[in-house]
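> Dropping a structure here in structure tokens format, bear with me for questions.
FYI, it's all coordinate maths here, none of it is from the lab. Predicted model, so just to flag it, every value in this text is computed and none were measured. With ideal geometry, Cβ positions are generated from the backbone for all residues, glycine too; neighbour counts draw on all protein chains shown.
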Amino acid sequence: DTGVSQNPRHKITKRGQNVTFRCDPISEHNRLYWYRQTLGQGPEFLTYFQNEAQLEKSRLLSDRFSAERPKGSFSTLEIQRTEQGDSAMYLCASSARTRVMQYFGPGTRLTVL
Amino acid sequence: DAKTTQPTSMDCAEGRAANLPCNHSTISGNEYVYWYRQIHSQGPQYIIHGLKNNETNEMASLIITEDRKSSTLILPHATLRDTAVYYCIVRVPIIQGAQKLVFGQGTRLTINP
């Protein structure tokens, strides 16, 4: 399967702990996006990478959140000092420069207790 | 951000055509309309997109009104597996030719046997 993959699929953590999620985009896609989806809502944009450069960040991305894409391939999203309000589905999407569609991974569901 | 409005929920009988409306009265002349769907606990799946002409692919048809202020997604022969939340989306430019997807709450489509 050459689609977007995300790990882990589920993460349960206690408030105050740090968590890290990984996204592996489709191999030839140089554009990578992170979105967050809370229960009953549509996904909301968090941040965008073109190759290894993080070019856009939403105001939703507080200073407890950091994302990297060190070699322009996989990406990680870290949340420090998690809060209950961080409980959500974190979705990764990728696209090729010449294509308009964003392809989404299955998401990582985070539960903060 | 450009916004879309959709009915919260719809029902359709299995085997019949499902017609999902969307209003996007603030869309600008060069903005495409995208449709994605999200089956429970999965990432959003691309369905179709269009600018001003009607479009058809193996999944669905997209009818865009001449004034481009509304569109209708048509699933010609709905099956139980088409039960999902359907999102009508207008992309918003961010930087260097990239665009983010701005999701609303979507239409929850239930296909009934």
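> Restricting to segment A:77-101, and then to whatever is hydroxyl-bearing (Ser, Thr, Tyr) and farther than 11 Å from A:Leu32 by Cα, can you tell me which residue is farthest from the other protein chains (Cβ to nearest Cβ)?
A:Thr82
> I'd like the residue in segment A:39-59 that is outside any strand (DSSP E or B) and polar (S, T, N, Q) and, out of all such residues, is farthest from B:Gly43 (Cα to Cα).
A:Asn51
> I'd like to verify a number: residues in segment B:43-68 that are touching a residue at least 24 places away in the same chain (Cβ under 8 Å) and crowded, with 19+ Cβ neighbours inside 10 Å, how many?
Total meeting the criteria: 6.
> Exactly one of these conditions fails for B:Ser41: (1) on the phi > 0 side of the Ramachandran plot; (2) within 13 Å of the chain's Cα centre (by Cα); (3) among the hydroxyl-bearing types (Ser, Thr, Tyr). Give me its number.
Condition (2) is where B:Ser41 drops out.
> Still on this model: Anything in segment B:82-98 that is facing another protein chain (nearest Cβ under 8 Å) and either part of a loop (DSSP other than H, G, I, E, B) or closer than 15 Å to A:Leu55 by Cα (or both)? List them, or say none.
Matches in segment B:82-98: B:Ile94, B:Ile95, B:Gln96, B:Gly97, B:Ala98.
> Return a yes/no flag: does segment A:55-63 have any residue that is touching a residue at least 60 places away in the same chain (Cβ under 8 Å), aliphatic (A, V, I, L, M) and facing chain B (nearest Cβ under 8 Å).
No, segment A:55-63 contains no residue that is touching a residue at least 60 places away in the same chain (Cβ under 8 Å), aliphatic (A, V, I, L, M) and facing chain B (nearest Cβ under 8 Å).
> While we're here: Since B:His40 meets every condition but one in (1) within 14 Å of chain A (Cβ to nearest Cβ); (2) surrounded by 15 or more Cβ atoms within 10 Å (Cβ to Cβ); (3) of a type outside the set (Ser, Thr, Tyr), which condition does it not meet?
So B:His40 meets the others, but not (2).
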